Amino acid sequence: MMNWKKGLKYAGIGFILLNILTFFVMKDGFTKIHGGHTQVIDVNQFNPETGPVAIKNVQLLSPNGEYFTPNQTILLEDGLIKAIGDSVAIPIDLPIIDGQSKFLIPGLIDSHVHLFKSPNDLLLYVANGVTGIREMMGSEERLSLK
């Protein structure tokens with residue numbers, strides 16, 4: 001009879017230890033899934049070029065979003081669009097980005113976002129064309145990202 005009680009005691013302790021171990025393994029797994037172990041990227045490598053630039057031969061999405069207009073030239077200066085068209089004059093010595101076989105659309109908006117642990121979350125949105133987000137958590141920490 002004593003052996004049975006002793007075995008039950010050790011089984012109970014083992015069950016508790018297994019649950020504690022499972023908790024920490026799952027917690028680490030959730031942190032990993034949510035990007036908590038991701039290496040922070042140096043965002044300075046993505047700083048935009050300063051000064052005027054031209055994008056030539058790009059397919060531009062129409063204002064109503066129904067079709068693309070081919071072979072358009074866009075002149076940018078200080079991050080703002082200065083001219084768009086198929087016969088825009090490009091000043092001499094202006095850097096030109098070849099837009100052949102490329103598409104230019106407005107920035108996308110994701111209006112239901114849950115930012116988790118990765119410090120690279122915002123960079124990944126921009127890399128995929130999303131320039132505006134609405135974060136659903138609403139914490140003070142998230143407001144600082146604005």
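The values are calculated or read from the model by the stated rules, or taken from the named source; none is laboratory data. Nothing here was measured: the structure is a model prediction, and the numbers come from that model. With ideal geometry, Cβ positions are generated from the backbone for all residues, glycine too; neighbour counts draw on all protein chains shown. Each accessible area value is taken on the protein alone, full model and side chains, heavy atoms only, with ligands, DNA and RNA left out. Shrake-Rupley method; radii C 1.70, N 1.55, O 1.52, S 1.80 Å.
Could you grab me the full set of residues in the range 128-144 that are at negative phi and either touching a Lys or Arg at 6+ places or on another chain (Cβ under 7 Å) or at pLDDT 85 or above (or both)? Once the filter is applied, which keeps residues that are at negative phi and either touching a Lys or Arg at 6+ places or on another chain (Cβ under 7 Å) or at pLDDT 85 or above (or both), the range 128-144 yields N128, V130, T131, G132, I133, R134, E135. I'd like the full set of residues that are open to solvent by less than 50 Å² (accessible area, probe 1.4 Å) and within 30 Å of P52 (Cβ to Cβ), limited to the range 121-136. The answer is L123, G129, V130, G132.
Condition test on K32, is it open to solvent by 90 Å² or more (accessible area, probe 1.4 Å), among the charged types (D, E, K, R), at pLDDT below 95 and within 20 Å of the chain's Cα centre (by Cα)? So K32 fits the description; yes. Among the residues of the range 137-146, those that are surrounded by fewer than 10 Cβ atoms within 10 Å (Cβ to Cβ) and outside any helix (DSSP H, G or I) comprise G138, S139, S144, K146. Checking each residue in the range 102-136 for being of a type outside the set (A, V, I, L, M, F, W, C) and in a loop (DSSP other than H, G, I, E, B) picks out K102, P106, G107, H114, K117, S118, P119, N120, N128, G129. Screening the range 39-75 for residues that are part of a strand (DSSP E or B) and in contact with a Phe, Trp or Tyr (Cβ under 9 Å, 6 or more places away or on another chain) and picking the one that is least open to solvent (accessible area, probe 1.4 Å) gives V58. Exactly one residue out of S111, S101 is at pLDDT 90 or above, touching a strand residue (DSSP E or B) at 6+ places or on another chain (Cβ under 6 Å) and exposed (fewer than 13 other Cβ atoms within 10 Å of the Cβ): that is S111.
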